[in-house]
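First comes the structure, then the notes that go with it.
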Amino acid sequence: MTGESSAIDSTRPSIARVYDYLLGGKDNYAVDREIGDVFKRDLPGSVAIAFANRAALVRAVGEIVATTEVRQFIDLGSGLPTADNVHQVAQRQAPDARVVYVDTDPQVLVHGRALLEENDRTRVVPLDVRDPEGIRNHPDTRELIDFDRPVAVMFSAVLHHVNDDEDPAGIVRYWRDHVPSGSCFFVSHFRSGNNPETTEAEKVLQATFGRGRWRTDEEIEALLDGLEILEPGIVPAPRWRAGAAGTAWNDGGVRELTVWERLIAAGMARKP
Ligand SMILES: C[S@@+](CC[C@H](N)C(=O)[O-])C[C@H]1O[C@@H](n2cnc3c(N)ncnc32)[C@H](O)[C@@H]1O
């Protein structure tokens, strides 16, 4: 299940590049912008979802470094380099922090190796999130991550690309069972509002990529079985740690969220 051998295909949209386009990045092709524009037209909140998600991830990394001794991150489905990548946020506060980025998208691997492997504390591993054992045993992971010490496992906007029959809970369980107590798990995930916007969004994603699963807060919580979910639980991403200092897209939790901003959830858990 490795993406190492696949070449960049500029004729078909890629999840990573469409997401990059929505975030205002430049690592995308006409085919990605075309589908990105369909998202913007049919799902007017796509851009808000992308930014709200990214901001929650940045807050999570900041919180982990500020409040725990965890200094090693595995960022699963890391995406294309953007503003404030995980290692930049972490190393700003803790220069010794180490980050293994994992993604299957060939463009992520090319750009990631150029931009994310910025120092000897970051690596990009070209594997599939559905192959947790392969990721854990990869030589680059082994070089950077000490599995005798707590790890932060980041599932930011990736588990919704894993269909039910591909056992997303089993993926989280694998990591839960292979990291020590005190390890952190961050999850952000398409959040089902059981409303027409959810149905429409799911339809567009499935039609484009054959995947994209909106889950309810309860379904997302169930993916974290056996872990201690930290307050305030699984909530709309803009509400998660709203008020934490230093991030954009953060109103302190006072503003009424749009229906779109409610379509992305975030939460953090800890292995007891
Ligand atoms: C929406 S982006 C999220 C990027 C980043 N984690 C964030 O939250 O900003 C989803 C990323 O997951 C990657 N991805 C999707 N399915 C994957 C899989 N099975 N294994 C590894 N990466 C995957 C895509 O290539 C893409 O880069």
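The values are calculated or read from the model by the stated rules, or taken from the named source; none is laboratory data. Please read all numbers here as calculations on a predicted model, not as lab measurements. Here the Cβ is made from the backbone with ideal geometry for all residues, glycine too, and neighbour counts use every protein chain on show.
Please go through region 11-34 and pick out each residue that is more than 14 Å from the ligand (Cβ to nearest atom), surrounded by 16 or more Cβ atoms within 10 Å (Cβ to Cβ) and in a loop (DSSP other than H, G, I, E, B).
Y29
Are any residues in region 54-84 within 20 Å of D128 (Cβ to Cβ), in contact (Cβ under 8 Å) with a residue 60 or more places away in the chain and more than 9 Å from the ligand (Cβ to nearest atom), and if so, which ones?
Scanning region 54-84 gives F73, I74.
Would you check if E221 is surrounded by fewer than 18 Cβ atoms within 10 Å (Cβ to Cβ), acidic (D, E) and on the phi < 0 side of the Ramachandran plot? Walk me through it before giving the result.
Numbers: surrounded by fewer than 18 Cβ atoms within 10 Å (Cβ to Cβ): no; acidic (D, E): yes; on the phi < 0 side of the Ramachandran plot: yes.
No; evaluated as a whole, the condition is false for this residue.
Hey, any hits in region 98-118 for a residue that's touching a strand residue (DSSP E or B) at 6+ places or on another chain (Cβ under 8 Å) and free of Cβ contacts under 8 Å to residues at least 24 places away in the same chain? Don't jump to the end; show me each part of the working.
Initially, region 98-118 is screened for residues touching a strand residue (DSSP E or B) at 6+ places or on another chain (Cβ under 8 Å), giving 98-104, 108-109, 112-113, 116-117.
Now drop any that are not free of Cβ contacts under 8 Å to residues at least 24 places away in the same chain, which leaves 113, 117.
Yes, because at least one residue in region 98-118 is touching a strand residue (DSSP E or B) at 6+ places or on another chain (Cβ under 8 Å) and free of Cβ contacts under 8 Å to residues at least 24 places away in the same chain.
Among the residues of region 100-111 satisfying the criterion of being within 15 Å of the chain's Cα centre (by Cα) and within 12 Å of the ligand (Cβ to nearest atom), which is nearest to V58 (Cα to Cα)?
Within region 100-111, the subset within 15 Å of the chain's Cα centre (by Cα) is 100-105, 108.
Now drop any that are not within 12 Å of the ligand (Cβ to nearest atom), which leaves 101-105, 108.
On the way: Y101: 15, V102: 17, D103: 18, T104: 22, D105: 22, V108: 19 Å.
Only one residue tops the list, namely Y101.
Just give me the residues in region 151-208 being part of a loop (DSSP other than H, G, I, E, B), of a type outside the set (G, A, S), away from the ligand (no atom under 16 Å from the Cβ) and surrounded by fewer than 20 Cβ atoms within 10 Å (Cβ to Cβ), in sequence order. I'd like the intermediate steps shown before the answer.
If we filter region 151-208 for residues that are part of a loop (DSSP other than H, G, I, E, B), which is where we start, we get 151, 157-158, 162-163, 167, 179-183, 192-195.
Imposing the further condition that a residue be of a type outside the set (G, A, S) reduces the set to 151, 158, 162-163, 167, 179-180, 194-195.
Now narrow it down to the ones that are away from the ligand (no atom under 16 Å from the Cβ): 151, 179-180, 194-195.
Correct list: P180, N194, N195.
Just to confirm my filter: which helices (runs of 4 or more DSSP H) fall fully inside region 35-138 and include at least 1 residues that are at pLDDT below 95? Steps first, answer last, please.
On the way: elements: 46-67, 86-93, 106-115, 132-137.
Helices (runs of 4 or more DSSP H) meeting the threshold: 46-67, 86-93, 106-115.
Taking the stated definitions as given, is D42 surrounded by fewer than 24 Cβ atoms within 10 Å (Cβ to Cβ), within 13 Å of the ligand (Cβ to nearest atom), charged (D, E, K, R) and more than 14 Å from the chain's Cα centre (by Cα)?
Working: surrounded by fewer than 24 Cβ atoms within 10 Å (Cβ to Cβ): yes; within 13 Å of the ligand (Cβ to nearest atom): no; charged (D, E, K, R): yes; more than 14 Å from the chain's Cα centre (by Cα): yes.
Criteria not met by D42.
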